[in-house]
Amino acid sequence: MHLPALQPQQNAPPPPTGGMTVPTPGPSPSPAAPSPGGGGGSMLMMLVFLVPFILFMFFTNRSQTKKQKDMESKLKKGDRVVTQSGLVGKLVDPLEGRHARIEIAPGVKVQVLRTSIAGLDVEDGAKAKDEPALADKK
């Protein structure tokens, strides 16, 4: 008894379409004509939103740089400073070049970038202001 080999699509029922007719493939419709103006309006809108953002970034960075330079010019040897990473110490050498030396513990001096100095230690200034007030209360 010899059975013929069936092809995968031979004698298979058509797939169900759910009562809908399937369109036969034909020539694709022609693309719509480009809109007049060619898309320059979208480029203009992008610039309207992008230019103020760039200006904001530029002026913000400029003011931060000015504040940093003002703060650096006021620092002197012996000031208690805090770095951006949170190290607190006494400025050992005057700021020269790109680096500054800070003493974080007796005999422990570290070298940091001068731009990493966030400012004076505010706790040090607050103690100095509070001490006369505490002495008056006693």
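Once backbone amide H atoms are built at 1.01 Å from N, residue 99 has 114 as its partners under 5 Å, excluding neighbours fewer than 5 places away on the same chain.
With a cut-off of 9 Å between beta carbons, the residues surrounding residue 91 carry a summed charge of +2, where Lys and Arg count +1 and Asp and Glu -1. Compared with the direct C-alpha span, the chain from residue 67 to residue 87 gains 5.2 nm at full extension, assuming 0.36 nm per residue. Full extension of the chain segment joining residue 74 with residue 53 gains 4.3 nm, where the gain is 0.36 nm per residue of separation less the Cα-Cα distance. In this structure, the amide hydrogen of residue 121, modeled 1.01 Å from its nitrogen in the peptide plane, lies closer than 5 angstrom to those of 80, 81, 82, counting only residues at least 5 positions away or on a different chain. Each residue, residue 120 and residue 96, gets one label point 7 Å from its Cα in the Cβ direction; the gap between the two is 2.4 nm.
FYI, it's all coordinate maths here, none of it is from the lab. Since the structure is predicted, the reported quantities are computational estimates derived from the model, not experimental observations. Using ideal geometry, Cβ is built from the backbone for each residue, glycine included, and neighbour counts are taken over all protein chains shown.
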